Each structure stands twice: as C-alpha cells, then as structure tokens.
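> Before I ask anything, here is the structure I am working with.
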Amino acid sequence: MTAEALNPAIEATDLRRSYDGGFEAVRGISLSVPRGEIFALLGTNGAGKTSTVELLEGLAAPTAGTARVLGHDPYRERSAVRPRIGVMLQEGGFPSDLTVAETVRMWAGCTSGARPAGEALASVGLTGREKVRIKQLSGGERRRLDLALALLGRPEVLFLDEPTTGLDAEGRRDTWELVRELRAQGTTVLLTTHYLEEAESLADRLAIMHKGRIVLSGTPAEVTAAQPARIRFALPAGVPAARLPLGLKAAEEGGRIEIRTHALQDDLTALLGWAREQDVRLDGLDARSASLEEAFLDIASRTEDAPAGHKETVTR
C-alpha cells in the first residue's frame, strides 16, 4: 500500500471562510475522512455546509486554515485534484436546449478518462432519455443527470451537495443504492443533505454544523446516543404520576407520561417491575432510543456559538 493510500481522502484543519463585509461562514472546522467512507455534513440553512464543501472542492480559497483532498490543496493544486474527483452541485445549470446525450458528450469532452455515456446514464436510470432536451426533464431527472455527470470520470472522491432533492421515494432509494455501490468500489463520498433519514441510512460517520462550526460528530449511533431516549405511556385513572418510582424522572402532559433517560434499559426495567408489583397497566407504552432528528433539532435550537461538551473536530 502506498503512502498516499494511507492518508485521509479529505482533510481540513482549522478551515475558515469569510465573505465581504466580515461575515464568517466557516469558523475553524477540522475534519478527516478516510478513503472509502461515506461522510455526511448536516446543518440548518446558513450553517456553513455549502461554503465548507466549496472549499474542499477547490472552488474557493480558504480565508485561513488548510484543506487537502487526496493529499493536495484542492484550490492551489487544482490540476492534480480535479481529474480525480466528481462534483454534484445543488444546481447543474446546463443549457436548456441541449439534449441529455449532447450534454453528456459536452461534459465528457472536459473529463479525463470519461466512461461511456450510456453507462453513466444507465447507472442513474436515464436510459431512453438521451434525446430529451434538458428543459423537458423533470426536476428529479435533472438531479439524476447531475449525478451521472459527476460520475463520468470514475472519481476517487465524490462530492454530493443535496443529491436527492427533487427525487421521488423510488429515485431516492435508487440513488442510495448507487452511493453504497460506489463505496464498495472504494470511492470516498462526502455529501450534504437535509434528509436526516438519508444521512442515517448512508453515512459511516457524520457531522452536524451550527453557525459555521462542527458541534457534534461521530457515527450515526454515537450522535444519537448523545440525546436521551424516551419512554411514553398513560396511567389508569386514579393512578397519579407521583406514584412512579422516585428514580424515574417523569413529566406529564395531556394525560401522557414521558420519561427521558440515558439509561433506557435500566429505567424501562424499573418501570415494568413497578407496574407488575402495583398491578398497573401502562397504556400505549412506547420506548425508543433518540433519533438523529432529535439530535439535529436540539442543535438547531441553540443560540450559542460552540456548546460546551460537544466535539468540534471529526476524527476516527
């Protein structure tokens, strides 16, 4: 194995990006993405995701800090990086009067070692649409074409910015399967998405950005574990919540009891043991671990810049 193969596919150290007027969109983030990994970058609108990805793609120079893709500075050493990466932007911006086939041929002419057009289109489910003009494609079909063009050069690193926006459920699932196949072939994928289910399903690891910083990162399981699990149920009439074991910190709303806990198994065992001893029926009992959505919304609701106790770097 070469020394290059041992290095991360994507690496950033104290990366910053400011715009005219002094607005700092990226505020000193550090991350490392090993080869062959799917990494998801999440955050609300304005969190700095797209600004970060543009720095890693080499579309802009950082205000401070360093970025490396396949061991090279993606902006200053663009000629060494660009032939080895694929980029799917939020908007392709293709000439509307060109056909799908013409668009692929045009793009292939600018791509080193481009794969056959038919192969690229088949991989995203656009076979049979070659003669259709861009302006006649649906929004979902345009996203499929964007992805096909990003894959033309058989990239070692693939950047996907909101790849399934506009796709129906079937198209989204097909895209997920394609991304998994690319990972199995050794491609490193960095994606941004607003679909939390997408990140949870695809990503080996993920990071959540807030106000230009990474505030929480890890595997999907690690990120959700930072949030409490919950137990919900209703007590019979005449059984007040005050009768619950003192160790269970419960809240009552609209006749429903909710217990939030970082020790789901222990607290659920205590609750069920109490219910059996007291001969109490727990109607509508529902116990579940926290979701990625809960972790995301918890971060999105914060007003402070860098919450204490949360990671600001992504490491393996």
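> Please find, within the stretch 181-206, the residue that is nearest to S51 (Cα to Cα) out of those that are charged (D, E, K, R) and open to solvent by 10 Å² or more (accessible area, probe 1.4 Å). Spell out how you get there, then give the answer.
At the first step, the residues of the stretch 181-206 found to be charged (D, E, K, R) are 181, 183, 197-198, 200, 204-205.
From the residues that got through so far, the ones that are open to solvent by 10 Å² or more (accessible area, probe 1.4 Å) too are 181, 183, 197, 200, 204-205.
Working: E181: 27, R183: 24, E197: 23, E200: 22, D204: 22, R205: 20 Å.
Among those residues, the one meeting the criterion is R205.
> Does T165 qualify as being surrounded by 14 or more Cβ atoms within 10 Å (Cβ to Cβ) and closer than 26 Å to P34 by Cβ?
No.
> Within the stretch 127-135, can one find any residue that is open to solvent by less than 40 Å² (accessible area, probe 1.4 Å) and under 27 Å from the mean Cα position of the chain (by Cα)?
Taking the stretch 127-135 first, the residues open to solvent by less than 40 Å² (accessible area, probe 1.4 Å) are 132, 134.
Those left that are additionally under 27 Å from the mean Cα position of the chain (by Cα): none.
Scanning the stretch 127-135, I find no residue that is open to solvent by less than 40 Å² (accessible area, probe 1.4 Å) and under 27 Å from the mean Cα position of the chain (by Cα), so the answer is no.
> Could you check, for the stretch 9-25, whether at least one of its residues is touching a helix residue (DSSP H, G or I) at 6+ places or on another chain (Cβ under 6 Å), crowded, with 16+ Cβ neighbours inside 10 Å, hydroxyl-bearing (S, T, Y) and touching a residue at least 24 places away in the same chain (Cβ under 8 Å)?
no
> Then there's this: Considering only the stretch 82-95, I want to know if a residue exists there that is open to solvent by 60 Å² or more (accessible area, probe 1.4 Å), over 22 Å from the mean Cα position of the chain (by Cα) and modelled with pLDDT under 90.
Yes, the conditions are met somewhere in the stretch 82-95.
> Hey, another quick one. I'm checking my understanding of the structure. Among residues of the stretch 245-266 that are more than 30 Å from A40 (Cα to Cα) and touching a helix residue (DSSP H, G or I) at 6+ places or on another chain (Cβ under 7 Å), which one is surrounded by the most Cβ atoms within 10 Å (Cβ to Cβ)? Walk me through how you get there before you give the answer.
Here is the first cut: in the stretch 245-266, the ones more than 30 Å from A40 (Cα to Cα) are 245-259, 266.
After this cut, where a residue has to be touching a helix residue (DSSP H, G or I) at 6+ places or on another chain (Cβ under 7 Å) as well, the list is 245, 247-248, 250, 252, 257, 259.
On the way: P245: 13, G247: 12, L248: 16, A250: 19, E252: 14, I257: 20, I259: 22.
By that ranking, first place goes to I259.
> Are any residues in the stretch 55-78 in contact (Cβ under 8 Å) with a residue 24 or more places away in the chain and buried (at least 20 other Cβ atoms within 10 Å of the Cβ), and if so, which ones?
Matches in the stretch 55-78: L55, L56, E57, G58, P62, A67, V69, L70.
> Residue check, A108 against (1) farther than 23 Å from L42 by Cα; (2) touching a strand residue (DSSP E or B) at 6+ places or on another chain (Cβ under 9 Å); (3) of a type in the set (A, V, I, L, M), all met but one. Which one?
It fails just one condition, (2).
> Checking G86 against (1) part of a helix (DSSP H, G or I); (2) touching a Leu at 6+ places or on another chain (Cβ under 7 Å); (3) closer than 30 Å to Q136 by Cα; (4) touching a residue at least 60 places away in the same chain (Cβ under 8 Å): exactly one of these is not met. Which one?
(1)
The values are calculated or read from the model by the stated rules, or taken from the named source; none is laboratory data. This structure is a prediction, so every number in the text was calculated from the model and none was measured. So basically every Cβ, Gly included, is an ideal-geometry build from the backbone, and we count neighbours across all protein chains shown. What goes into the accessible areas is simple: the full protein's heavy atoms, side chains included, and nothing from ligands, DNA or RNA. Shrake-Rupley method; radii C 1.70, N 1.55, O 1.52, S 1.80 Å.
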